[in-house]
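Okay, so here's the structure we're looking at.
What follows is calculated from the coordinates using simple rules that are stated; it is not laboratory data. Owing to the predicted nature of the structure, the values given are computational and were not obtained by experimental measurement. Neighbour counts are summed over all protein chains in view; Cβ atoms, including those assigned to glycine, are modelled from backbone coordinates with ideal geometry.
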Amino acid sequence: MVTAPASTKNSFPLVKPKASSLPVFENEPSRNNLCKYPPQKTDFVPEQIISAHAIVTYFNSFTEFWIQLEPQLVTTIMERIHSLILDPKFVNQKDISATIGKPCLAFYPVDGKWHRAIVKALNGNMITVCYVDYGISYTLRTSYLRELHQDLITLPALAFKCCLDGSEFLSKIVADTLKDRFLKSSAFAAQFCNVVDGVLHIRLRHVQTMGPNLLN
């Protein structure tokens, strides 16, 4: 499923929650500005099916969109975050000391939820963050940021920036038709082609049959 840009009222696509399997290592938020998310795994093998249930979370173009390979893990993370915000201490937290590249919890006004994020830019009391499990960026006040618990920093960003293999040859008519398929499909099988400058070049296939390639 494709989400619209952050200026719209669409919320993030989340799959139906299941029992949480995310381990809890810390009960207090991290105050270490040097903490970083671990790098994403991109050492896939060409032609490998890297997910049988990938969802497209944010779409700019067929050369720049983001997918979740493990949407259920994102749901588990959201369950963990929901348990944190129920703690009265969460509401009373002071504004964090934001630095570029710092992991944090950030509120997303479009869906009214808190999500894992990373600080991308600072401008007075306004901060631009990227929601690392969705690929969407948003600018908001520092009061909408919180320190991120250590156990939520130990997992890498779960949204992968992608380019659809062969998309440079699409005509506008075909591209519009393909975009419509993105909007109507809830999940795809993702087949890895290669990685260029951290961007996954992939093919998307229908989940039920593992084929044909979505471009076909």
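Taking a straight line from the alpha carbon of Lys41, these aspartates and glutamates sit under 16 Å away, with near neighbours fewer than eight places off in the same chain left out: Glu70, Asp133, Asp197.
Output the pairs from Lys161/Lys184; Lys94/Lys161; Lys120/Lys172; Lys102/Lys161 with a Cα-Cα distance over 24 Å in this structure; if there are none, say none.
Among Lys161/Lys184; Lys94/Lys161; Lys120/Lys172; Lys102/Lys161, the Cα-Cα distance tops 24 Å for Lys94/Lys161; Lys120/Lys172.
With a Förster radius of 45 Å applied to the C-beta separation of Ser83 and Ala121, the computed FRET efficiency comes to 0.90. Rounded to the nearest 20 debye, the dipole magnitude of segment 45-94 is 340 debye, with +1 charges on Lys and Arg beta carbons, -1 on Asp and Glu beta carbons, and the Cα centre as origin.
Between Ser186 and Asn60, how many nm apart are label points set 7 Å from Cα along the C-beta direction? Taking the simple label geometry, Ser186 and Asn60 are separated by 3.0 nm. Working ranking of peptides 137-143, 172-178 by packing, defined as the average number of other Cβ atoms within 10 Å per residue, highest first, is 137-143, 172-178.
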